[in-house]
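To keep things clear, I will list the structure first and then write my remarks on it.
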Amino acid sequence: MGRAFAYVILGGGVAAGYAALEFARRRAGASPGELCIISDEAVAPYERPALSKGYLLPQGAARLPAFHTCAGANDEVLTEQWYKDHGIELVLATRVISADVRRKTLLTDSGETIGYKTLIVATGAREERMNEGRPYLQMWRGVRASELEEFGVRGSDAANVCYLRSLEDADKMVGVMKPCHGGNAVVIGGGYIGMECAAALVANEIKVTMVFPGKHCMGRLFTPKIAEFYEKYYAAKGVVFVKGTAVKSLEVSDGKVAAAILRDGRRLPADMVVVGIGARANTGLFDGQLAMERGGIKVNGRMQTSDAAVYAVGDVAAFPVALLGGDVRRFEHVDCARRTARRAIEAILEPSGGAAEEGKAFGYLPYFYSRVFALSWQFYGDNAGEAVHFGDFSPPVAGGKPKFGACWVSGGRVAGAFIEGGSPEENEAMASAVRSRAAIADLAAELGSRGLGFADEESRRKGVRRGALAAGDRPTYARHATVGVAAAVSIAAFAYWYGWMAPYVVKRDFSDPKL
C-alpha cells in the first residue's frame, strides 16, 4: 500500500522548512496533500545551528518551538500546526530505506511506498562516526582534510560519547553534561562543531581539552593568525589545545569513557567525549541513479539533478557558483540550505527560465558565521589567494570587543573576507566588496592598513544601500500565532544566542509579548 504526492521533500532539516515556506507563499491555495515532507526525526524542521549554541546553555536554553524554521531568518515559525494549516503533510519519525528514481517511488522503513512527480532531496549530511573505518573529513570546497586516523577506535559507542547533528543528539549531550559539572571533557575535532561545543562546555563549567591533527583550529578556513587569536581566547577560558595528534582509543569502564588515549601515548582523563570530526553528505539512496560531484549530488543552477524530476538542496547539493566562475562547490552551512531551498522551489513552480537557465551558475555568495562566548565572526566568498589581515588582533581587555579580519585577494580582486566583531553595516560592506569582486591596486595600502575603511568606501561607491537586504532574503513577516505568548521568553533566549541569523537581516524585537 502507498500514497502519492505531486511534490515530496525528502529530509526534515533546515532546507525542508525553508522550501515548505517558499512553496506555501508561491502556491497560495495549493491543494491539501499536494506537498509531503518525510523526516526521520520526530519533530517538524528546526534551525540546527541552535543545537550547538542556545540549546546547550546551562540557563535560558533555547527549546522548541522557538527555533523551528524559519526563525533563523527572522521569518515565520513553522510549527506542526502551521504545516496542517497549509495542507502540507509531515511524515515524521520515518526513514526512507530505498529510492527508485526511474519509477519515482520511495520505500520507507514501515514498508510504505510513497510516489512523487517531483522530488526535492534535502537529506543533509551526517556526522562521521569514530567506528566507521573512514578518515576524518571536514568539508571545505569539497576537499578531504587530514586523516584523524584509520579508525576502528575502541569505545566510541560508550554512553558518554556525544555527537551533535540532531535534536536527539543534543538532548543526549545535555543529559551527559549535567553530572560532569567541574569534570573533564575531551572534544575530538577542531572545526565548527568542536569549537562551538567547546564554548558550550565551558559555559557549563566543564574543563575542556580539544584534540585534532591539524596545526591550528578551523584549519580549512582560518589563517594561522586568525586561529591564534581564537586559540588564545579559548585558552583564557581554560580550554587546552592538543594539536598535531589524534585519539587512538577510548578507555572504557562500566560502559563509560574514563580517558582518551592519544597516538603519542598521552592519557587524557575524560568524564565525557564530544566528537566533531566532519560530516558526509547523505547521498547513499541515490548512488548509481544520480550524477555525483564533490561528495554530493550534482545539480545545475536551478538545483536540478541529472534526473529532471529530482532536485537537491542544502548540504547534499553540489552546484555551480557564479561568483566562483561557475566552479562546482558543496557547502555545509545553514545559509546555503536556506537559499538553495528557495531557489529550487522557485525553479519548480516558476520554470519560466527553463532550459535557458539550466547552464547558468547560481548567484550565491558563500556565507559562514559563528558565535561563541562574546565573539561573532562572519565569512564571505572564498578563501583563495593571498590573505591580508587588518585590525587589532590583541586579546580584548575586560568588557572590550575585538575587531579584526582578513581579505583574500586573487587576481587583483577581493575573493573572500572574514570579519570578527563587525557591525551589521561593516559586515554588509565586506559582503559587498566580495560580491562585486572589488579591485585592489595595493594590498598593503588598501587592505592591510585600512581594511574596513576600504570595504566601506567600495560599498558606497557602488551605491549599496545601508541596511539593504541580500538577494533572496525576505523582509520581516509576522510570526505564526501558534507560537504564542508562552514561547516568548524561549524565543528571546534563542535569538540572543543564535546571534547573526542571516546576512543583513534586521533583528526582530523579541521582547514583544505578542510573539
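The values are calculated or read from the model by the stated rules, or taken from the named source; none is laboratory data. Keep in mind that this is a model prediction, so the values were computed, not measured. Here the Cβ positions follow ideal geometry from the backbone for every residue, glycine too, while neighbour counts run over all protein chains shown. Quick note on the areas: whole protein, heavy atoms, side chains included, nothing else; ligands and nucleic acids left out. Shrake-Rupley method; radii C 1.70, N 1.55, O 1.52, S 1.80 Å.
List of remarks:
- At the residue level, residue 267 shows approximately 120 square angstrom of accessible surface with a 1.4 angstrom probe and all protein chains present.
- Inter-part distance, the stretch 250-283 to the stretch 3-69, computed on C-alpha centroids, equals 32 Å.
- Counting only heavy atoms of the protein chains and using a 1.4 Å probe, residue 86 has close to 80 Å² of accessible surface.
- Each residue, residue 327 and residue 113, gets one label point 7 Å from its Cα in the Cβ direction; the gap between the two is 4.5 nm.
- Cα gyration tensor shape of the stretch 195-310, rounded if a/c is under 1.5, else prolate or oblate by comparing a/b with b/c: prolate
- Sulfur and carbon atoms: percent of accessible area, the stretch 44-100 [1.4 Å]: 45
- Full extension of the chain between residue 350 and residue 410 yields a length gain of 18.0 nm, computed as 0.36 nm times the residue separation minus the alpha carbon distance.
- Each residue, residue 397 and residue 84, gets one label point 7 Å from its Cα in the Cβ direction; the gap between the two is 5.8 nm.
- In terms of its alpha-carbon gyration tensor, the stretch 261-405 comes out oblate; a/c meets the 1.5 threshold, while b/c is at least as large as a/b.
- Additional length obtainable on full extension of the chain from residue 228 to residue 103, 0.36 nm per residue less Cα span: 39.7 nm
- Cα gyration tensor category, rounded, prolate or oblate, for the stretch 303-357 with a/c compared to 1.5: prolate
- Distance (nanometres) between label positions extended 7 Å along Cα→Cβ at residue 205 and residue 57: 1.8
- Per-residue SASA entry for residue 254, accessible area with 1.4 Å probe, Å² rounded to 10: 150
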